[in-house]
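Input: a single structure, listed below in structure tokens.
The values are calculated or read from the model by the stated rules, or taken from the named source; none is laboratory data. The structure displayed is predicted, hence computed values, not measured ones. Here the Cβ positions follow ideal geometry from the backbone for every residue, glycine too, while neighbour counts run over all protein chains shown. Each accessible area value is taken on the protein alone, full model and side chains, heavy atoms only, with ligands, DNA and RNA left out. Shrake-Rupley method; radii C 1.70, N 1.55, O 1.52, S 1.80 Å.
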Amino acid sequence: MQFNPELNQDHDTIRCLLKQHISESGIPQKQIAREIGSSEAVLSLFLTGKYTGDNAAVAEKIMQYLHIGIVRKGLTPDPDYCRSVDNTKRITEYLEMAHASNEILLLYGPAGCGKTTALKHYAAEHNGVVYVEADATVGTPRAILLTLLEALGGQPTGSTTQVMKTILNTLRDTNRMIIIDEAQHLTERSFDTIRAINDKLGIGLVYSGNSKILKQMYGRHEQEFDQLFSRIGLHCELKNRYSIEDIRNIFNGLDIADDCLKHLQSLAQKKGGLRLMIKQYKTAANIAAAFNQALSVDHLLEASRRMSIGGRKNAI
């Protein structure tokens, strides 16, 4: 669907464009209404020509939505998920061991080393794996239990004791595995609360986070630390270290010159790892596309400058 932002604001034309967009994208009206800041009822009435309110305001919101959608569609997408990167292979191997043996796995490494991406893919591709992500708002025992119960499809209500009982009843005799990502946000009591699920049910449990997760554990009294650490059967430490083959595999199928791949490899070894490298690649690829040029190291340097992470000034 082609869309001209200078389009005359004819309401019937805008209705046709949005209906075509819904048909082609499969995006429900409810989601579109949320995105344009309107109610589903108003959008539905506008599409049928029965809205008696400010049709011009609704039409303007729809035009902006369609225009941004086309701009977004033209942006460089993330590379496909790459299973052959060494970190990804190690994460998958350790997850399989923890899942099969019902062990506790401690998985940790710097930001951008691929932990979250690999964990989410494993959870999506394996029956019985429950993935939850901790943050500063769900670090307490009750909060993480409510988050876990919701991920299991339950209603996050009741006392903490009742919530724990519901989780235990749901998971009993299932051989499922729980993944707690960003686990460095958990309090000491939260670590013990989640660990108790493994103690009672013998199901696999993964604590994943950055190096701060070790400080969380080592900050305990020695006896408390020994009690938790002795129950962790598997440890996997990750680094932001990648071979040129890793980088080539990540961008497999894309026409990227060797000097660009080497530059991307050097970026991946730095703070931010693969995550920042991919963001910089996408920014550089968009710059190159705007100039109708093939991606070059100069584009990558310009992306660094625009992202305020270094690089030569005025590269483009």
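Which entries of 30/89; 73/120; 30/271; 61/271; 200/271; 120/165 show an alpha-carbon separation above 29 angstrom in the structure shown?
In this structure, 30/89; 30/271; 61/271; 200/271 exceed 29 Å between Cα atoms.
Using square roots of five times the C-alpha gyration tensor eigenvalues, list the equivalent-ellipsoid semi-axes of the stretch 99-154 in whole Å, biggest first.
Listed largest to smallest, the semi-axes of the stretch 99-154 are 19, 17, 12 Å.
Would you please give the FRET efficiency between residue 245 and residue 111, computed as 1/(1 + (r/R0)^6) with r the Cβ-Cβ distance and R0 = 25 Å, to the nearest 0.05?
In this case the efficiency is close to 0.65.
Return the equivalent ellipsoid semi-axes of the chain as a descending list in whole Å, where each equals the square root of 5 times an eigenvalue of the C-alpha gyration tensor.
42, 31, 16
So, in Å, what gap is there between the alpha-carbon centers of the stretch 175-207 and the stretch 21-81?
Their Cα centres are 41 Å away from one another.
In degrees, nearest 10, range 0 to 90: what is the angle between the Cα axis of helix 258-268 and the longest Cα principal axis of the chain?
Approximately 50 degrees, to the nearest 10.
For the pair residue 120/residue 92, report the inter-label distance in nm, with labels modelled 7 Å from Cα in the Cβ direction.
1.7 nm
Can you give the angle from 0 to 90° between the axis of helix 55-73 and the longest principal axis of the chain, with both taken from C-alpha atoms, to the nearest 10?
Computed tilt is about 60 degrees.
What are the aspartates and glutamates whose alpha-carbon lies under 12 Å from the alpha-carbon of residue 262, with same-chain residues fewer than 8 places away excluded?
List returned: 245, 246.
Rounded to the nearest 500 deg cm²/dmol, what is the calculated helix-only ellipticity per residue at 222 nm for the chain, with -39500 (n - 2.57) per DSSP H run of length n ≥ 4?
After summing the helix terms and dividing by residue count, I get -17000 deg cm²/dmol.
Among 260, 98, 69, which residue has its Cα positioned farthest towards the positive end of the charge dipole of the chain, with +1 placed on the Cβ of Lys and Arg, -1 on the Cβ of Asp and Glu, and the dipole taken about the Cα centre?
Value computed over the given set: 260.
Picking from 166, 148, 128, whose Cα lies most toward the positive end of the charge dipole for the stretch 108-171 (charges on Cβ: Lys, Arg +1; Asp, Glu -1)?
The listed residue farthest towards the positive side: 166.
So for the stretch 47-101, Kirkwood radius off the Cα pairs, Stokes-Einstein at 20 °C and 1.002 mPa s: how many µm² s⁻¹?
In µm²/s, the coefficient rounds to 134.
Find the accessible area per residue for the chain; the probe is 1.4 Å, ligands and nucleic acids are left out, and the unit is Å².
Counting only protein heavy atoms, the per-residue value for the chain is 53 Å².
Using a 1.4 angstrom probe on heavy atoms only, work out the carbon and sulfur share of the accessible area of the chain in %.
Within the chain, the accessible surface is 47 percent carbon and sulfur.
Below 13 Å, Cα to Cα, which aspartates and glutamates can residue 239 reach? Residues fewer than 8 away in the same chain don't count.
Qualifying aspartates and glutamates at Cα under 13 Å: 86.
Taking 0.36 nm per intervening residue step and subtracting the Cα-Cα distance, what contour gain separates residue 127 from residue 35 on full extension?
29.9 nm
Between residue 258 and residue 199, 0.36 nm times their residue separation minus their Cα-Cα distance comes to what?
Value of the extension gain: 16.2 nm.
Between residue 10 and residue 161, what is 0.36 nm times their sequence separation minus the Cα-Cα distance? Round to one decimal in nm.
Gain in length upon complete extension: 48.5 nm.
What's the angle, to the nearest 10 degrees (0 to 90), between helix 11-25's Cα axis and the longest principal axis of the chain?
Tilt relative to the chain: about 40 degrees.
What per residue convex hull volume, in Å³, do the alpha-carbon atoms of the stretch 241-294 yield?
69 Å³
Using 10 Å bins from zero, what percent of all Cα-Cα pairs in the stretch 55-214 falls into each bin?
Histogram of Cα-Cα distances, whole percents per bin: 10, 34, 27, 15, 11, 3, 0.
Springs between alpha-carbon atoms under 10 Å, Gaussian network over the chain: tell me which of 255, 135, 12 tops the mean-square fluctuations.
Residue with maximal mean-square fluctuation among 255, 135, 12: 12.
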